[in-house]
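One structure is given here, and the rest of the page talks about it.
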Amino acid sequence: MTGYQMIKNGISMGIIVFIVAVILFAIRFLLHKKKKDQILLLISLCLLLLCFPVYFAVSVRQYSGSDPTKQKQFTVTSQDLHDGVWDPVISNTEKGENLSPQLSWDPVKGAKGYVVYMIDPDGYDWIHMKTDSLTDTSLSRGEVPPFTRKDPDGPGYIGPYPPSGTHTYEVYVFALRNLKDGYAGKVNQVSNGIDQISSLVDVNENGDTGNIIAFGKLSGTYTR
């Protein structure tokens, strides 16, 4: 447990202490009508009320870290992307095999692992791929398991299938300080965009921000 969570736990304990103090001094004042008890009651009440905005301010600061997608970048490459166009083999169309693309990237110093997403910003930020925590710096073609409705929150892949025309499909690789048991977003559903996804990935299991060290991005189109 670190940082903001420790502060919030301390404030929570303070709230409990001040509630007990308010009750105690209120009873004492009602029984004895002493000025001292009245002053202590008012002080305890003021400190109790002060705890709530402080707790709120710490929570806001905890979850409002810098935009993870504006951190340093590293290079991601794919053998299934040529001249900015994704190969048909990764598509979920009559021409494709619905195989997740081959990807590789250089190791990032300080990263315990990585998580990879593919989204379609031209199609309501549709999520086409989400992985589990990865410790390797590459994915072979077809390594990510096909999407299944039995596990909508889990990892999976469903290839590009634009209804018509050309869509862009963006791959994001996030280098993480700490791995998580699960990651934001549902495969084969709309999302609120990569900014929100990255903000949620950036929060570690302790509730602190700063989990993303760096990210890589690879973009290509597919036309149907």
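Only the coordinates and a few stated rules stand behind these numbers; no lab work does. Owing to the predicted nature of the structure, the values given are computational and were not obtained by experimental measurement. Note: ideal-geometry Cβ built from the backbone for every residue, glycine included; neighbour counts use all protein chains shown.
Numerical summary
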read-out	value
Between segment 192-212 and segment 91-117, the alpha-carbon center distance in angstrom	19
Members of 8/130; 8/36; 95/217; 150/186; 130/180 lying beyond 23 Å, as alpha-carbon distances in this model show	8/130; 8/36; 95/217
Electrostatic dipole magnitude of segment 3-62 [Cβ: Lys, Arg +1; Asp, Glu -1; Cα centre; debye, to 20]	220
Sorted by Cβ density within 10 Å, fewest first, the residues 74, 25	74, 25
Charge dipole of the chain about the Cα centre (unit charges at C-beta), most positive-ward option of 12, 88, 210	12
The chain, dipole about Cα centre (Lys/Arg Cβ +1, Asp/Glu Cβ -1), debye to the nearest 20	1700
Rounded to 10°, Cα long-axis angle of helix 3-32 versus longest principal axis of the chain	20
Packing rank of 104-113, 197-206, 138-147, where each peptide gets the mean count of other beta carbons within 10 Å, highest leading	197-206, 138-147, 104-113
Alpha-carbon Rg/Rh ratio, for the chain, with Rh computed the Kirkwood way	1.23
Cut-off 11 Å, label 7 Å out along Cα→Cβ of residue 178, residues of segment 192-224 by amide N	203-211
Theoretical FRET efficiency, 1/(1+(r/R0)^6), r = Cβ-Cβ of residue 19 and residue 196, R0 41 Å, to 0.05	0.70
For 11, 16, order by how many other beta-carbon atoms lie within 10 Å, fewest first	16, 11
Cα principal axis extents for segment 3-62, largest first, Å	44, 14, 11
Stretchable slack from residue 135 to residue 189, in nm (0.36 nm times residue separation minus alpha-carbon distance)	16.8 nm
